[in-house]
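Report on the structure given below.
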Amino acid sequence: MAIIKKHIAILCDYRLLPERIGGMDHFFWRFDAECKARGIAVDWFFPNAASHGYYEQLKIVPAEGKSVEESFLFYFHDKKHHYSHIITHFLGLCTSFFKMAKQQTQAKIIAVDHNPRPLAGYPIKKRLKKRLKGVVYSRYVDVFVGVSKYTVRELMRDFGRQIQSKTVVIYNGIVIENIEQRAATHTPPRFVVVSHLRKSKGIQDLMEAVNVLPENIKKDLKIDVYGEGPYDATLKQLAKTIKVDKNFVFKGSSSHISAIYCQYDYLLHPTHMECFSLTILESLAANLPVITTPVGGNTEIVEDGVNGFIVPVQQPERLAGIIEQLWKGRKNNQENIRSKIASEFNIDTMVENHIKLVS
């Protein structure tokens, strides 16, 4: 009997940038290598081509101005490959694309949801539209993967409980061996922000928090901010307007962030919306406690008073209170918080769980 070789198409609306190499890049590389080791062929559909890191080893079909979905359908019609599985990352879910892909390829379709939801939820019109899409298109998706328990709950809230039997949780993982551990604490403590700079990340709340700190703290407090994004200029202007620009040092993006966490004592992550944060995982792996909000999957990894602190969303005064107590040495966390991340949220476990979906 002839052995039918598996051939997977992976569609990722994720731009490949050499100056931004994060956890998902490492996942893509390791998943591709594991598939090759098992004799599974993989075609990758990204918005752009790339050769940095391990990307030169991947078979990439760049969208070249089209959407990733359009690029895939065009390529499929041209090459006539038989795909056993189609996996999507960072794409909209329950759209007409899934119907077309299923009908044209007959492949098993796995949709991975990385998308955070708005703090106040979607407007009623959008909620109704999503529910209708769930009724019409969810039948064409064989497995919905949520990257946290929160994500799975939101998937069912978006598209209906009829998808419950085909939803699974696969947590994101990190390359823990690349992350240097904090060797010692500093007095006063050093704070860092690692984030895409957009409004939903709540960095403006952090600035407001710093603004209400006592002057004897504010005069010496420095917070380094790593990241870039559309809110960059707005944040810098706000810092000047409320006179905290001397407290914030904007460092831009870094491709070596895994070696930077260890230089600090706390990660500040006052986000308004989240799915499952690789930044939080990386910080904890460096033995850096996290000050964050109870949104998305944050409370699935950060335990208040144990490996970080949970503060309410958009309450700068409460955030300022935590920073002040940390500055004065009045709050403490357990010493070694890396072991939990190593055992439960490492990238090898993530890859293994994704491989099971196509085995």
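The values are calculated or read from the model by the stated rules, or taken from the named source; none is laboratory data. This one's a predicted model, so the numbers in the text were calculated from it and none came from an experiment. FYI the Cβ positions are ideal-geometry reconstructions off the backbone, even for glycines, and counts take in every protein chain you see. Note: accessible area is taken over every heavy atom of the protein model, side chains too, but ligands, DNA and RNA are not part of it. Shrake-Rupley method; radii C 1.70, N 1.55, O 1.52, S 1.80 Å.
Applying the criteria of a DSSP loop state and at most 12 other Cβ atoms within 10 Å to the GluC sites (Glu not before Pro) of region 323-359 yields 335.
Ordering 179, 146, 264 by Cα displacement along the dipole of region 145-278 toward the positive end leaves 146 in first place; charges were set at the Cβ atoms of Lys, Arg (+1) and Asp, Glu (-1). Under 15 Å from the Cβ of residue 74, count the other residues' Cβ atoms, weight Lys and Arg +1, Asp and Glu -1, and hand me the total. With Lys, Arg at +1 and Asp, Glu at -1, the net is -2.
I'd like the accessible area for residue 275: 1.4 Å probe, protein heavy atoms, all chains in place, Å² to the nearest 10. Number for this one is 10 Å².
A Gaussian network model of the chain, with springs between Cα atoms under 10 Å, assigns the largest mean-square fluctuation among 87, 310, 217 to 217. Pairs over the 19 Å Cα-Cα cut-off, from the set 99/129; 125/201; 99/125: 125/201; 99/125. Considering only 220, 232, 32, the mean-square fluctuation computed in a Gaussian network model of the chain, springs between alpha carbons under 10 angstrom, is largest for 220. Remark: spin-label model distance residue 7-residue 52 equals 3.2 nm, labels positioned 7 Å along the Cα→Cβ axis. Which entries in the list 199/240; 222/328; 130/199; 102/133; 79/166 go over 19 Å, if you measure between the two C-alpha atoms of each? Among 199/240; 222/328; 130/199; 102/133; 79/166, the Cα-Cα distance tops 19 Å for 130/199; 79/166. Rolling a 1.4 Å probe over the protein heavy atoms leaves residue 78 with an accessible area of roughly 100 Å². The 3J(HN,Hα) values that the Karplus relation (6.51, -1.76, 1.60; θ = phi - 60°) gives for region 144-155 are, in residue order, 9, 10, x, 8, 7, 4, 4, 4, 5, 4, 5, 4 Hz. Gly and Pro appear as x.
Annotation: aspartates and glutamates with alpha-carbon distance below 12 angstrom to residue 108 (same-chain offsets under eight excluded): 142. Taking the Cα centre of the chain as origin, work out the dipole magnitude from +1 charges on Lys and Arg Cβ and -1 charges on Asp and Glu Cβ, in debye rounded to 20. Using Cβ point charges on Lys, Arg, Asp and Glu, the chain gives about 1280 debye. Maximal additional length on extending the residue 162-residue 304 stretch stands at 47.7 nm, based on 0.36 nm per residue less the C-alpha distance. The charge dipole of region 298-359, taken about its Cα centre with unit charges on the Cβ atoms of Lys, Arg (+1), Asp and Glu (-1) only, comes to about 200 debye. Here the Gaussian network model covers the chain, with springs between Cα atoms less than 10 Å apart; of 120, 286, 63, 120 fluctuates the most. For residue 36, a cut-off of 18 angstrom between C-alpha atoms picks up these lysines, skipping any fewer than 8 places away in its own chain: 5, 6, 59, 356.
So what is the calculated 222 nm ellipticity per residue for the chain, using -39500 (n - 2.57) for each DSSP H run with n of 4 or more, over all residues, to the nearest 500 deg cm²/dmol? Theoretical 222 nm ellipticity from helices: -10500 deg cm²/dmol. For the chain, the share of accessible area belonging to carbon and sulfur comes to 50 percent (1.4 Å probe, ligands and nucleic acids excluded).
Average accessible surface for the chain: 46 Å² per residue, computed with a 1.4 Å probe over protein heavy atoms with every protein chain in place.
Residue 344 to residue 256: extension gain in nm, 0.36 nm per residue of separation minus the Cα-Cα distance?
29.3 nm
Think of the chain as having a plus end and a minus end, set by charges on the Cβ of Lys, Arg, Asp and Glu; of 307, 247, 358, 358 sits farthest toward the positive end of this dipole.
Under a Cβ-Cβ cut-off of 12 Å, what is the net charge of the residues other than residue 153 that fall near it, where Lys and Arg count +1 and Asp and Glu count -1?
Result for the local shell: 0.
Note on residue 74 and residue 124: the model spin-label points, each 7 Å out from Cα along the C-beta direction, lie 4.1 nm apart. Computed about its Cα centre, the charge dipole of region 182-268 is approximately 100 debye, with only Lys, Arg, Asp and Glu carrying charge at their Cβ.
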